[in-house]
1. Report Rg/Rh for the range 117-163, rounded to two decimals, where Rg is the Cα radius of gyration and Rh the Kirkwood radius.
2. Starting from the eigenvalues of the Cα gyration tensor, five times each then square-rooted, give me the equivalent ellipsoid semi-axes of the range 60-121, largest first, whole Å.
3. If you place +1 on the Cβ of every Lys and Arg, -1 on the Cβ of every Asp and Glu, and leave all else neutral, what size is the dipole of the chain about its Cα centre, to the nearest 20 Debye?
4. Above 24 Å lies some portion of the pair distances; for the range 38-161, what is it as a whole percent of all C-alpha pairs?
5. Write down the percent of antiparallel bridges among all DSSP beta bridges whose residues are both part of the chain, to the nearest 5.
6. Going toward the positive end of the dipole of the chain, with +1 on Lys and Arg Cβ and -1 on Asp and Glu Cβ, which of LEU113, MET97, PRO160 do you reach last?
7. Hey, what's the Kirkwood Rh for the range 17-109 if you take every pair of different alpha carbons, in angstrom?
8. Size of the dipole of the range 1-124 about the Cα centre, Lys and Arg at +1 and Asp and Glu at -1 on the beta carbon, nothing else charged, in debye to 20?
Amino acid sequence: MMTPIVLFDLYDTLLRERSFDFGRGLDMLYETGFHTVCSREELAAYAAAFLPAYEARKTGHTEIAFIQKDYPAYCRRFGFRLPLPDEEVEYAVLSRMEEVEPEDGVEDALGVLAGRGVRMYVLTNSIFLAPSQERLLREHGIGRFFEAVFASADIGRRKPARAFFEYGIGRVLRDNPGASRRDLVFVGNDLAADIRGGLAVGLRTVWYNAAGRPAPPSLPAAVIRSMRELPGIL
């Protein structure tokens, strides 16, 4: 049997999200230069106009790429652009919005899998593009384990949308000639987006259930409470 290829969810699977605050990202924009052209209240009020589109993501499983939609809109509205490359702006905003840390045992588990020759990827819902997610993983010491990161912001669809899963699956299979869908395993913490979404596209799944929530009857997925358990079930 071929060595499995593992795709991971990112937030609250690999990196625990301690807090998320969109306003902190706006503060970064304001403090770095937008304070010269508008008040903090004006920037926040304009940002609020995007809230309905963000809410619609939850039911339509669509995605917004912050650096491609919101940031250019702020620039047009206030006639100003930060004197930084867009990728630096995006990562600075991400770093302020997201406070994360590696999940317990995740580096140990990834090291064991890498030692076995397991190829690993990330498939994450996020308004930030894949290069910023890759940088975030490197900043927290685990980026070296992954062949590639696929972010919903890059294609405009988010888990559990089939289109996003198929995008990642297609990229992985092209990267691994001879592998098939049955060789892929998806690991995630969200029962609906990660587990049911993965099962719907024919993937084996592992539910990272650190909180010990009751599993639905006859759930066709492996369940782990700690990332240290993962190598033992693959």
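1. Details: Rg = 11.0 Å, Rh = 11.1 Å.
Radius of gyration relative to Kirkwood radius: 1.00.
2. On the way: eigenvalues 254, 39, 27 Å².
After scaling each eigenvalue by five and taking roots: 36, 14, 12 Å.
3. Values: 29 positive and 32 negative charges, 176 e Å.
In total the dipole reaches around 840 debye.
4. Numbers: 2870 of 7626 pairs.
Considering the range 38-161, 38 percent of its Cα-Cα pairs are separated by more than 24 Å.
5. Numbers: 6 of 25 bridges.
The antiparallel fraction comes to roughly 25 percent.
6. PRO160
7. Numbers: mean 1/r = 0.0687 Å⁻¹.
Radius from the Kirkwood sum: 14.6 Å.
8. Values: 13 positive and 22 negative charges, 97 e Å.
With Lys and Arg at +1 and Asp and Glu at -1, about 460 debye.
Taken together, the values in this text are just the output of simple stated rules run on the coordinates, not laboratory data. Everything quoted here is computed from the prediction, not taken from an experiment. Glycine also receives a Cβ, built like all others from the backbone with ideal geometry; neighbour counts cover every protein chain displayed.
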